[in-house]
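The values are calculated or read from the model by the stated rules, or taken from the named source; none is laboratory data. On a predicted model such as this, the values are computed, not experimentally measured, just so you know. Cβ sites come from the backbone with ideal geometry, for glycine too, and all protein chains shown count toward neighbours. Ligands, DNA and RNA are excluded from the accessible area calculation, which covers all protein heavy atoms including side chains. Shrake-Rupley method; radii C 1.70, N 1.55, O 1.52, S 1.80 Å.
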Amino acid sequence: MSSTFPFPRLKRILLYASLAVSLAPPTSAWADDAKVLLKTMSDFLTAQKTISFTYQSSLEAVTPDFEKLQFVSSGTANLTRPDKLRVTRTGGFADLDVSFDGSSLTVHGKNLDAYAKIDGKGSLDELIDRLMTAGVEAPGADLLSSNVYDVLMSDVTEAKHISSAFVDGVECEYLAFRTPEIDWQIWIQSGPQPIPRRYVITSKHVVQAPQYTLEIRDFKSGADVAAVSYTIEVPASAKTVDLSEMQSLDELPEAASMGEVK
């Protein structure tokens, strides 16, 4: 048994997996059609005027002691183009209900008994830009854009179609992309409904390369989408606060540290 690696069998598995990838001969699975597959997914999503799905997301954080922690949340999303969105998220540190009805954004922190409201008309693209400008990061929101392809391909320097794969028992095309700051991967369902099933973002210049993972399930569009209200009924007991005062919008507890840049 090696004294430098506590799990010798796992070490062998990882080594064999690495060799399998590095020694694999070029095949059609490595064909440079990643951009074509991504564009097909983007066109399909853009064509859907109403969308709903459930999801599970996980966000990794690295402590000052270099311990990697993973914070998991789940929720629902409903979208009506061009200007309506409702998203819920429940995790260990947040219980959020977020809605944009085309004229105002409401964020209700159920666990905080507080809410924030921002007035302003606009499209979903404009809303996402405003949130990012305000420092409210929403990884995965890229997939809700009206032009997913252009948003995702921004700064991409390398694109690969790795292979076919299965997510939740559903056959997908596994794609990998690189940019100067992050690497990201996406699993797109094969067949006539090319929806994203899994999306992973890796911060490669941060200590221990923390990842954000989004897994999408129960995707529906068009007439299959159940009616949903884009108006949040906020309890009378909830206090009004500024959006900046709402904690855990990014899924992390307040004290969590995302590691230092290398």
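What pairs come out if I take residues in the range 220-240 that are open to solvent by 100 Å² or more (accessible area, probe 1.4 Å) and pair them with residues that are part of a loop (DSSP other than H, G, I, E, B) whose C-beta lies under 8 Å away, six or more apart or interchain?
LYS239/ASP113
From the residues in the range 108-144 that are modelled with pLDDT under 90 and among the polar types (S, T, N, Q), which one is farthest from the chain's Cα centre (by Cα)?
This residue is ASN111.
Is it true that SER74 is assigned to a strand (DSSP E or B), within 27 Å of ALA223 (Cα to Cα) and in contact (Cβ under 8 Å) with a residue 24 or more places away in the chain?
no
For ASP150, are the conditions met, namely being among the charged types (D, E, K, R), over 30 Å from SER99 (Cβ atoms) and out of contact with any strand residue (DSSP E or B) (no Cβ under 8 Å at 6 or more places or on another chain)?
Judged against the criteria, ASP150 is not a match.
Step by step: first the residues of the range 99-124, then only those that are in contact (Cβ under 8 Å) with a residue 40 or more places away in the chain, out of contact with any helix residue (DSSP H, G or I) (no Cβ under 9 Å at 6 or more places or on another chain) and part of a strand (DSSP E or B), then the one that is surrounded by the fewest Cβ atoms within 10 Å (Cβ to Cβ). Which residue is that?
THR106
Kindly indicate which of PHE177, PHE93, PHE100, PHE66 is more than 17 Å from the chain's Cα centre (by Cα), under 23 Å from ALA47 (Cβ atoms) and of a type outside the set (Ser, Thr, Tyr).
PHE100
For the range 179-201, how many residues meet the condition of being within 15 Å of TYR212 (Cα to Cα) and open to solvent by 20 Å² or more (accessible area, probe 1.4 Å)?
Total satisfying the criteria: 8.
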